[in-house]
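As structure tokens, the structure follows; a few thoughts come after it.
Nothing in this text is a laboratory measurement; each read-out follows from the coordinates by a stated rule. Fair warning: this is a prediction, and the values are worked out from it, not measured in the lab. When we count neighbours, we look across all protein chains shown, and the Cβ atoms used for this are built from the backbone with ideal geometry, even at glycine.
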Amino acid sequence: MPQIVELSTTTETFEQAQMLARLMVESQLAACVQITGPIQSVYRWQGAVCEATEFRCVAKSTQSCIERLMALVDERHPYDVPELLVVEVVGCSPAYAQWIVEQLGE
């Protein structure tokens, strides 16, 4: 079974998150994307401490798709430097893993 991974990113608006989520799923590089928020982020940008309300997207994918998925999100993301964090899933039900693989056409 392929290695299941999650890619997370954040956006400024729900509409941006929804656009990226649809793009990831329609491209068959993510089986599903969960959008949560609003969340409050505190970060340093260009030397200043900033605060922003954001929405988090968590995409379910496989290791074999992750480079293409990251490139797609990076290309279409409205931020100059988007969060693109990949986490390997250490446990997953076989049925759910199989569903992910099927959605990606693997």
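Kindly list the number of the only condition in (1) within 20 Å of Tyr96 (Cα to Cα); (2) in contact (Cβ under 8 Å) with a residue 24 or more places away in the chain that fails for Met70.
(1)
Looking only at region 27-44, decide whether some residue is more than 15 Å from the chain's Cα centre (by Cα) and polar (S, T, N, Q).
yes
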